[in-house]
Protein chains: 2
Amino acid sequence: MKFSCDKNSLLTAVNKVIKGVTPRTTLPILQGILIKAYENNIKMYSTDLEIGIECTLEANIESWGNIVVSAKVFSELIRKFPEDIVYFESDDNNIINIKCGASNFTISGSNSEEFPEITEIIKEKSLVIKANILKDMLRKTSFCTAQEQTRPILTGILFEINKNQINMVALDGYRMALTKYFSEDIVLNNTEKNDFNIVIPGTTVDELTKIIDDDEKYINIFFTNNQVLFEMDNTKLISRLLEGNYMNYNAVLPKDFKTIVKVNKQMLIGGIERASLLASGKNNLIKFTINDNELIISSNSDIGKMFEKLQIELEGMLLEIAFNSRYLLEALKLIDEEEINLCFINNINPMIITPVGNDNYLYMILPVKLNN
Amino acid sequence: MKFSCDKNSLLTAVNKVIKGVTPRTTLPILQGILIKAYENNIKMYSTDLEIGIECTLEANIESWGNIVVSAKVFSELIRKFPEDIVYFESDDNNIINIKCGASNFTISGSNSEEFPEITEIIKEKSLVIKANILKDMLRKTSFCTAQEQTRPILTGILFEINKNQINMVALDGYRMALTKYFSEDIVLNNTEKNDFNIVIPGTTVDELTKIIDDDEKYINIFFTNNQVLFEMDNTKLISRLLEGNYMNYNAVLPKDFKTIVKVNKQMLIGGIERASLLASGKNNLIKFTINDNELIISSNSDIGKMFEKLQIELEGMLLEIAFNSRYLLEALKLIDEEEINLCFINNINPMIITPVGNDNYLYMILPVKLNN
């Protein structure tokens, strides 16, 4: 096997494919990257048996072949190379020689036959979505996935696909994020049904958002009953799906609000950040007191106490309610809009946060019980 | 005590003075900052009993007084405040009220009498030096101070002051850095002697380089037998000196070189970085083979082996010698010049690195014994 290619193209590809390599594995071969050189392409592949990432790049192939190379060594080496052509060659004993500029490296590779077979997904049902939309929706939802394995299905993100609309939902029992997107751009192919629900593992989504390039235009999503494939220009990510039925989240969405507060998002974030300096306990408890024209944020701990008054527009009843400040901040910082609505029923039921003038994003958060 | 001042000026000062606060202390009051409000200034002071930092800033003082406030709480709070005027007030029970924008904080302070007394240094002997020169010299030397306490004097930096010249030296038994500066700008005051040696603790130098602002012009250095004071525009740093005699470093400086290699610094750094990927053992051993017109950098480990050839200008004998790659890189990255000389006697004696055309910086490094 023998090829040469540009250092920077190789580095870009290695940086993506290395995200599929897990440092903790009982199968040492999985700490490697499988490199295949055929025709005029190199394909690089990594997997942790749950997720697989494949990158393709053009190269000058002198002789075809496959080999597995340590992901850590190979990526560090390419990173440190000068900006020049990289010459890669391996012999029958899996000895690899890599040259670039004045550098000459000889390292040992592994036999490609030891590498687990790459499962090809049946390209049946598919969906096309703009890359930047997908990335934004995932970013605004994925932080709400459950971290504990008590209900494994909640460690994933629900993709609710319905003709030209896609909803993404994540919830962990304390909070929920919901993003919606409707567009003629979304096209469902090769399917007689118009709606599908799939649940994608949170870890898959984390890796996916890292490898979607800013210049990526569209992403093809292929799915079967238990697998999903995200296909980009030169990169593919394949993952298992989580099995089981996702919670009926619509049933827990509060309605008939008694208090609606319109407030400037940035001012609210500032106030909560300051209040969280004196937030108490592992709940990071801070309090909202909603008066006629003002929202008073307050907190107190062993260190001291604080309050801060924000101007608001109030519709409905006065209210006193407490929250975990971390949950509030994580959600608010992901909202692009300047103004938001906070919607309450009372101080026991969940609050809903929505950006003013954008119905496509909704954040729900359970209050913390007040001690008094 | 009552004052108000601009948030940003306060933050700048707090960020400096907090560098004198040690999180690990058996004296809880030292986790605080002493704030003094007198006339039209606030002075803030921190100390770990070895180093003291004082910052002065203009403020609108309504009533004079002293108080100690938790450094962690106070700095986080000021950092999170909006860009506005900060109003600070404390009562006789050391209850502090701080307002900024819409925020209102109440925290507990401590009695300033519990804070260790601030030792005033006798402003006797002094030296003036340009701030950017001092910072650069310290940066290029301090990384060579000994980390172990086996010979405490070596954990400091030697300041050799001789009329219009100042030398700084640090060495740890494996390597040494020496920077020199000669200038009419250096002025020794109030002293009949023309030369002084003082040894400043490495930790002091670390803090000092962090608090020297880029717009600082000159620094006054006052020193006695056991203390040193660095006086900047609004900031003072006071520290004890290390006691004892520093090593006679001139005696260990090699002379009469048999091999002198002139090489491009950036190419050498690149080659050593790549070689260090396969450097072996805790010594990070890499090898230099010096031929007629080339320097071959090579290394090998369990993972593989590499070599890289660099063009050089050689004066003198051929040589094979090995080094700890980390020591080489740390020094080379601090050299500003493009070309450097590597000077050798043989493969047992230390090597000298100097920038071509700059006699004011010198780096010495002991070779590692080759196994063959």
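Each reported figure results from applying straightforward, stated rules to the coordinates on display, with no laboratory input. Predicted, not measured: the structure shown is a model, and the values here were computed from it. When we count neighbours, we look across all protein chains shown, and the Cβ atoms used for this are built from the backbone with ideal geometry, even at glycine.
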remark   = Computed over segment B:125-250, the relative contact order (Cα-Cα under 8 Å, seq sep at least six) in percent reads 30 percent
ask   = Between B:Lys130 and A:Lys2, what FRET efficiency follows from the Cβ-Cβ distance if R0 is 51 Å, with the result rounded to 0.05?
value = 0.35
query = So, with +1 on the Cβ of K and R and -1 on the Cβ of D and E, and no other charges, what is the size of the charge dipole of segment A:36-130 about its Cα centre, to the nearest 20 debye?
reply = 420 debye
key: Those lysines that a straight Cα-Cα span of less than 16 Å connects to A:Lys305, excepting residues fewer than 8 apart in one chain   = A:Lys287, B:Lys72, B:Lys80, B:Lys99
query = Considering every residue in A:106-114, what mean count of other chain Cβ atoms within 10 Å of its Cβ is obtained?
reply = 2
note = Under the Karplus relation with 6.51, -1.76 and 1.60 and θ = phi - 60°, whole-Hz ³J(HN,Hα) for segment B:20-35, x at Gly and Pro, equal x, 8, 9, x, 9, 8, 8, 10, x, 4, 6, 7, x, 10, 7, 10
ask   = Reachable lysines from B:Lys163, Cα under 27 Å, same-chain residues fewer than 8 places away excluded?
value = B:Lys123, B:Lys125, B:Lys130, B:Lys135, B:Lys140, B:Lys180, B:Lys193, B:Lys217, B:Lys236, B:Lys255
query = With labels modelled as points extended 7 Å from the Cα through the Cβ direction, what inter-label distance (nm, one decimal) is found for A:Tyr38 paired with B:Arg151?
reply = 6.4 nm
message = Using the Karplus curve 6.51 cos²θ - 1.76 cosθ + 1.60 with θ = phi - 60°, what ³J(HN,Hα) values do you get for each residue of segment B:320-332, in whole Hz, with x for Gly and Pro?
response = 10, 8, 10, 9, 7, 5, 5, 4, 4, 5, 4, 6, 4
inquiry  = Let me check against my output: what whole-number percent is the relative contact order of chain B, with C-alpha pairs under 8 Å and at least 6 apart?
reply    = 13 percent
inquiry  = Using only DSSP helix segments of four residues or longer, with each worth -39500 (n - 2.57), what per-residue ellipticity at 222 nm results for chain B after dividing by its residue count and rounding to 500?
reply    = -5000 deg cm²/dmol
message = Sorting check: for A:140-148, A:66-74, which peptide has the highest mean count of neighbouring beta carbons within 10 Å, and how do the rest follow?
response = A:66-74, A:140-148
key: Selection from A:Ser276, A:Ser183, A:Thr145 lying farthest towards where the dipole of chain A points positive, charges on Cβ   = A:Ser276
query = What ³J(HN,Hα) values, in whole Hz, does the Karplus curve 6.51 cos²θ - 1.76 cosθ + 1.60 give for segment A:85-101 when θ = phi - 60°, with x put for Gly and Pro?
reply = 7, 9, 9, 10, 8, 10, 10, 5, 8, 6, 8, 10, 10, 10, 10, 7, x
Per-residue average of Cβ from other chains inside 10 Å of A:98-105 = 6
message = For a Förster distance of 41 Å, can you work out the FRET efficiency between the beta-carbons of A:Thr224 and A:Ser108, rounded to the nearest 0.05?
response = 0.65
request  = Please tell me the relative contact order of segment B:227-372 in percent, rounded to the nearest whole number, where contacts are Cα pairs under 8 Å and at least six residues apart.
outcome  = 23 percent
request  = Extending each Cα 7 Å along its Cβ direction at B:Ser63 and B:Lys193, get the distance between those two points in nm, one decimal.
outcome  = 5.1 nm
inquiry  = Over the Cα atoms, compute the radius of gyration (one decimal) and Dmax (the largest Cα-Cα distance, rounded to a whole number) for the protein assembly as shown, in Å.
reply    = 32.4, 98
ask   = Any idea what angle helix B:131-142 forms with the longest principal axis of chain B, computed on alpha-carbon atoms, 0 to 90 degrees, nearest 10?
value = 50 degrees
task = Please give the peptides A:246-255, A:288-297, B:166-175 ranked by average Cβ packing (other Cβ atoms within 10 Å per residue), highest first, as a rough proxy for protection.
result = B:166-175, A:288-297, A:246-255
query = Averaged over peptide A:301-310, how many Cβ atoms belonging to another chain are found within 10 Å of each residue's Cβ?
reply = 5
19 Å reach of a label modelled at A:Arg139, 7 Å along Cα-to-Cβ, counting backbone N of segment A:228-243 = A:232-233
message = If I model a spin label as a point 7 Å beyond the Cα along the Cα-Cβ vector, how far apart are those points for A:Asn162 and B:Gln165 in nm?
response = 8.4 nm
request  = Would you mind checking which residues have amide H under 5 Å from A:Ala146's amide H? H placed 1.01 Å from N; only 5 or more apart, or other chain.
outcome  = A:Thr155, A:Gly156, A:Leu171
ask   = Between B:Lys123 and A:Asp213, what is the FRET efficiency for a Förster distance of 51 Å, r being their Cβ-Cβ separation, to the nearest 0.05?
value = 0.25
